[in-house]
């Protein structure tokens, strides 16, 4: 085995270290698959002096990006430094230099994926990003290859570990949002600034990537309607549970005809749905294919070795392609023009919790209002509050268009017997 | 696009028809991926006269296998005829003629997989069989490619839809085995002779295939210890549920160091384990990788279009490889020598239900016996039966070697206070 494939690493934090470890530990298996030795030649770091044990030799490290990006012997650049602008520029430069690129960076891919894939395509380079969505689950490869001969109509993903951990703890242990968030931060599941996670932005980036691939349609972050979990209360979880649902932050991408909808929101899924048992920091993506029906892919969404494993799988693919002389063939350029559904075309069931005056006629007034707005009801739960002065009413609707539902919500707020609409969630995943 | 890839079909039943339909419906997407047109040139059928609508032209059909196997224009043979000896011979002949082969036939692959893969390897042909295990789940590809840089230590699979349907109905609806089996036969989920399903043989074939690939070690059907679901009673399900478990027929392949164990048996998994919510005819494979941790792949295990989709995915792979000139590279020949664990090396928890005399001292006698045999207990449930003359005792052990446990079972049967050991099941999938 004379051939050597040289890899350049941008960044040497947790994931970068994992990548190096896996390459060294699985050298035999990798070279058996690729027919060449894999060597990490150069690593871009911030601090040359930091103690890294005997994991690397000093001559592998550099603080100068061009020593990695301009090295003619380096075939593949692995970007695991994080951040947005700098990472994007390095990746762009690498591709323009004819190097294949692997990244774990969902932010860059959600924002600049099309631009980078375009350059990769022009330069006949591979650009792979399996680790950017649900690190430990080979979901992107599955969508592209495994379901090659199917037509995907819908994807539902629990793709943010932090919020799933928080919701699981709130649901199972009855804990409060703030309390669990603090613990998650202490455990390293949540960042010091948790906004991107709890507001649903991280999940939105990932569902945009999934939608783009699954529907072969360029979907940007701006196309995703986003709602996070900060307003989810323990009452919502409790009543959801009583009506047979578990609360999850779900990214949804669905397609009817040639139009799509992409969104992220706290969603109630039936207890018996496989997504309902995806707990703690685990991720899962539920895929509906026209031919194959319903499939789900479950695994760790992050973590050093799961993410590094995804990166190394991409590396194997890149190196195989290079040896076969087919690099760049697999850069998937979206085939379809973007067409987003209007609110009239988005259909869903909803869970609705409201406080109303507990008077004779309240229920009749409500049902009349629902009826007028084309919303029919599947489940109803009414609980007296405040010694009967108030009624807590929890409803699950049948399928309704978002347009009709939003009008209904407005009417409810104007309705005299209604004191307050407390909360409203989409419900998805009804089992047949 | 001048190039045409010709496919020969052996068999034109449910799956064969599905394959043809998918190829025709997704012609655009397929040729976009492969860069060539896919055409089904010849189909081996039993009956030339049967009405097949306008799905095929008469000249595509033949009753003569050699018209398919010897046609120089045909690149790939798709075997979807079922059965064992004839299918094996045709596949062998096709490979010897230098044709790539795709099969959905788990029986042939479990029995003659090594032989056929060897020939494929020698002839530089691809031999793919994704549809043979969990039709709608691209699990074989995932194991080989997605987890390329990981080391799989354990797989647990619900890989037989019929038994999963029966157990789900028994558990959720409290129905009886015979009753559900009859219904499953009427619905077409179970065969007229259900032996291979309910005795666990079908699952055993699939777990042998999974183990062979996942551990890169040639595992035959004879290496799988098999127990079916015919003895599972409603009491077992009820007490299992009370102690927090759901009963599933689980194929287990696990590896410690360089030794493996492969088995199929009714197994109790904790309610909160993702495998517990795999219901009805669905399949799932839970994979433990050293780096990636725990992942699960869920989907339909059979059915016309799911199976046909898997076949067509293989077809895409074969045709890509052919165009790239790398056919045969991916035929995975096992790397490791087969080493099976002894009973001393197989460790597990067990659920045990027995009837004992309800006398003072019974429990002390039992616990002494457990202690003597190195078996410690995690959960205990005792229920009086027959107006207190009898005690039904249900136990869950801590991890114990199969050797110690089997000795214990024998001792229990000899023990005076024990009237009868009613049942015993492995329990797996304890969540941390």
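The values are calculated or read from the model by the stated rules, or taken from the named source; none is laboratory data. None of the values given here were measured: they were computed from a predicted structure. For neighbour counting, all protein chains shown are included, and Cβ atoms are generated from backbone atoms with ideal geometry for every residue, glycine included.
Name, by its number, the condition in (1) under 18 Å from residue A:213 (Cα atoms); (2) in contact (Cβ under 8 Å) with a residue 60 or more places away in the chain that does not hold for residue A:123. Going through the list (1) under 18 Å from residue A:213 (Cα atoms); (2) in contact (Cβ under 8 Å) with a residue 60 or more places away in the chain, residue A:123 breaks only (1). Name every residue in the stretch B:48-66 that is within 17 Å of residue B:80 (Cβ to Cβ) and touching a residue at least 12 places away in the same chain (Cβ under 8 Å), in order of residue number. Selection gives B:52, B:55, B:56, B:60, B:61, B:62, B:63, B:65. Just to be sure before I move on: is residue B:181 under 23 Å from residue B:423 (Cα atoms) and assigned to a helix (DSSP H, G or I) in the structure I sent? Taking the combined requirement at face value, the residue satisfies it.
Return yes or no: is residue B:375 touching a helix residue (DSSP H, G or I) at 6+ places or on another chain (Cβ under 9 Å), surrounded by fewer than 17 Cβ atoms within 10 Å (Cβ to Cβ) and away from chain A (no Cβ under 11 Å)? So residue B:375 does not fit the description; no. For the stretch B:306-338, filtered to residues that are in a loop (DSSP other than H, G, I, E, B) and at the interface with chain A (Cβ under 8 Å from one of its Cβ atoms), the residue that is farthest from residue B:283 (Cα to Cα) is B:325.
Checking A:83, A:18, A:13, A:53 one by one, the residue that is surrounded by fewer than 16 Cβ atoms within 10 Å (Cβ to Cβ), under 25 Å from residue B:293 (Cβ atoms), modelled with pLDDT of 90 or more and not assigned by TED's automatic domain parsing to the domain that holds residue A:159 is A:13 and no other.
Yes or no, residue by residue, for (1) closer than 23 Å to residue A:322 by Cα; (2) modelled with pLDDT of 95 or more:
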position: A:48; (1), (2): no, no
position: A:65; (1), (2): no, yes
position: A:68; (1), (2): yes, yes
position: A:78; (1), (2): yes, yes
position: A:93; (1), (2): yes, yes
position: A:103; (1), (2): yes, yes
position: A:113; (1), (2): yes, no
position: A:134; (1), (2): no, no
position: A:145; (1), (2): yes, no
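Within the stretch B:16-47, the residues that satisfy the criterion of being more than 12 Å from chain A (Cβ to nearest Cβ) and under 25 Å from the mean Cα position of the chain (by Cα) are B:16, B:17.
Residue A:270 fails exactly one of the following numbered conditions: (1) in contact with a strand residue (DSSP E or B) (Cβ under 9 Å, 6 or more places away or on another chain); (2) facing another protein chain (nearest Cβ under 8 Å). What is the number of that condition? Looking at each condition in turn, residue A:270 falls short on (2). Evaluate the following for residue B:257: is it without any contact (Cβ under 8 Å) to a residue 60 or more places away in the chain, within 22 Å of the chain's Cα centre (by Cα) and over 16 Å from residue B:206 (Cα atoms)? The answer is no for residue B:257. If only residues of the stretch B:130-156 that are more than 29 Å from residue A:23 (Cα to Cα) and in contact with a strand residue (DSSP E or B) (Cβ under 7 Å, 6 or more places away or on another chain) are counted, the one that is nearest to the other protein chains (Cβ to nearest Cβ) is B:136.
Entry remark, the stretch A:339-356: residues being more than 20 Å from the chain's Cα centre (by Cα) and either within 9 Å of another protein chain (Cβ to nearest Cβ) or surrounded by fewer than 18 Cβ atoms within 10 Å (Cβ to Cβ) (or both) number 7 in total.
Every test in (1) part of a helix (DSSP H, G or I); (2) within 16 Å of residue A:207 (Cα to Cα) is passed by residue A:134 save one, and that test is (1). One residue stands out in the stretch B:64-81 among those that are in contact with a strand residue (DSSP E or B) (Cβ under 7 Å, 6 or more places away or on another chain) and in a loop (DSSP other than H, G, I, E, B): the one that is farthest from residue B:10 (Cα to Cα), namely B:73. One residue is enough: does the stretch B:28-36 have a residue meeting the conditions surrounded by fewer than 18 Cβ atoms within 10 Å (Cβ to Cβ) and either touching a strand residue (DSSP E or B) at 6+ places or on another chain (Cβ under 6 Å) or not in a helix (DSSP H, G or I) (or both)? Yes, some residue in the stretch B:28-36 is surrounded by fewer than 18 Cβ atoms within 10 Å (Cβ to Cβ) and either touching a strand residue (DSSP E or B) at 6+ places or on another chain (Cβ under 6 Å) or not in a helix (DSSP H, G or I) (or both). Annotation: residue A:301 fulfils all but one of (1) farther than 18 Å from residue A:137 by Cα; (2) surrounded by 24 or more Cβ atoms within 10 Å (Cβ to Cβ); (3) modelled with pLDDT under 95; the unmet one is (1). State whether one or more residues within the stretch B:233-249 are within 11 Å of chain A (Cβ to nearest Cβ), at pLDDT below 95 and not in a strand (DSSP E or B). The answer is no, given that none of the residues of the stretch B:233-249 is within 11 Å of chain A (Cβ to nearest Cβ), at pLDDT below 95 and not in a strand (DSSP E or B).
Scanning the stretch B:278-292 for residues that are in contact with a helix residue (DSSP H, G or I) (Cβ under 9 Å, 6 or more places away or on another chain) and either without any contact (Cβ under 8 Å) to a residue 24 or more places away in the chain or assigned to a strand (DSSP E or B) (or both) gives B:282, B:283, B:284, B:285, B:286, B:287, B:289. Of everything in the stretch A:408-428 that is touching a strand residue (DSSP E or B) at 6+ places or on another chain (Cβ under 7 Å) and within 16 Å of residue A:371 (Cβ to Cβ), the residue that is surrounded by the fewest Cβ atoms within 10 Å (Cβ to Cβ) is A:409.
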